[in-house]
Amino acid sequence: MSVVLEVDERLLAAKFEVILPHLDERQRRLVLAAEARSLGHGGVSLVARAAGVSRVTVTAGVEELEAGVGPSPGRARRPGGGRKPLTDTDPGLLEALDALVEPQTRGDPMTRLRWTTKSTRNLADELGRQGHQISHHSVGRLLSGPLGYSLQGNAKTIEGRQHPDRDAQFGYLNDQVSAAVAGGEPVVSVDAKKKELVGQYANKGRTWRPGGDPRRVEVHDFPGEAGKAVPYGVYDLGADTGWVSVGNDGDTAAFAVATIRRWWTTIGRPGYPDATKLLITADAGGSNGYRLRLWKNELAALAEDIGIPITVCHMPPGTSKWNRIEHRLFSHISMNWAGQPLISHEVAVNLIAATTTRTGLSVHAERDTGTYPRGIKIPDSEMKALINQYLTTPVARRVELHHHPDRHTRLIELFISRPLGAARKGRTDRL
């Protein structure tokens, strides 16, 4: 008889191995119970061993069959079965957890976790000290479930002091750009991108590599012999094209205007043969800052050379991120070279030039090996002579800076080829 049972147990084990994985908890229990009842005396123990389950499970199934309990659609257990939620067995758990996560508004500001990392493990440990037994996995479920928390970084939305005319300032900029684009005039956004170390240095981002074979780069970001790559960009708003000069010297006003000059000579003039003016939007600081005399002087020379007036509209202070070049050109360049060490200036140029978007962005990039010394000063006498020279010229191309009336802001335009006396009412800045 023992031999027969051994054979039957092997057969049962093979059958259960095939069918049980496809059943839910209640169905498995009932199938095992039906098999045990068909075997008669000793069937519960035999089925339990063959299926690798407890005798209690098989016995519970037998009782369900004998009681004639009907099926419950959509349920594997009877209502009320299973472990109770922690929030039911420990009513004060949610309130205690909420107080730990936000002590400034919902709890004691002197809590133990006020100045520590609020990881789920630290929260679970602190709750345990308060008498709430909970695992860090359950802490995560409660935070993202009933309490409605999620892991979030900081949001850079506080821009500091806001001028009451900020909306009007941006409205004026938009009107200037829209009018120029509608008239077929060139409108460009300019700025300098962050300087990048040239060499085997880490670059933020990830790229596909063979498993376990990351690209090896320098441990420390100390500048090497190759120095830095200094990208300065010109983005054409109307044509959705970009130009980037990659220098290796200073990010100066001379370098900025030289980049604009190269763009105009190579792309701007052929693309806008009938242009009567050039509109430039830029932020208020850096190499194209509104106070920088070298920037004004170099632009005046550029306007003299290309023979058309140049207008520069500076963004209000603290709003440089709204300059179009930041999110229309520079952001795509950063994504294109993410995870790629810039081992040479040529590599930087090639990665920039290969930047495209699905909306049609194309970028021309080239290296600028020129030298642009820092610290060049334009004295008052030279600026005054520059103005006097233009004022005595019949067809004047000159520089004029002025504020909008009654605003007293730094929203500044730089006009070339416009009489100083034609300025709107308001204060005219000294060059």
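Computed values, structure above
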quantity	calculated
For N203, residues with placed amide H under 5 Å, excluding near neighbours	G339
Note, ³J(HN,Hα) from phi for segment 48-57, Karplus 6.51, -1.76, 1.60, rounded to Hz, x at Gly and Pro	4, 5, 5, 8, x, 10, 7, 4, 4, 5
Sorted peptide list for 295-301, 165-171, criterion being average Cβ within 10 angstrom, highest first	295-301, 165-171
Protection proxy ranking of 239-250, 85-96 - average other beta-carbon atoms within 10 Å, highest first	239-250, 85-96
Residues whose placed amide H lies under 5 Å from that of I343, excluding near-sequence neighbours	G199
Segments 182-189, 143-150 sorted - mean Cβ within 10 Å per residue, highest first	182-189, 143-150
Neighbourhood charge, 12 Å Cβ-Cβ cut-off, centred on R324 and excluding it, Lys, Arg +1 and Asp, Glu -1	-3
Restraint check, K195/K296; K195/K377; K228/K277, Cα-Cα greater than 26 Å	K228/K277
Values of log10 I(q)/I(0), in the order q = 0.15 Å⁻¹, for segment 2-67 under a Debye, Cα-only, solvent-free model	-0.40
Positive minus negative residues near A353 (Lys, Arg vs Asp, Glu; Cβ under 11 Å)	-1
Long-range amide H partners of L278 with built H, under 5 Å	I310, T311
Per-pair calculated FRET efficiency, R0 = 35 Å: A226 and S381 via Cβ, rounded to 0.05	0.30
R0 of 30 Å, Cβ-Cβ distance D305-R374: FRET efficiency to nearest 0.05	0.80
Cα-projected label distance for R216 with T87, points at 7 Å along beta-carbon direction, nm	5.3 nm
Translational D in µm²/s for segment 243-398 (Stokes-Einstein at 10 °C, 1.306 mPa s, Kirkwood Rh from C-alpha pairs)	92 µm²/s
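Throughout, read-outs are computed from the coordinates displayed, never taken from laboratory work. In this text, all values refer to a predicted model and were calculated from it rather than measured experimentally. Ideal geometry is used to build each Cβ from the backbone, glycine not excepted, and the neighbour counts take in all protein chains shown.
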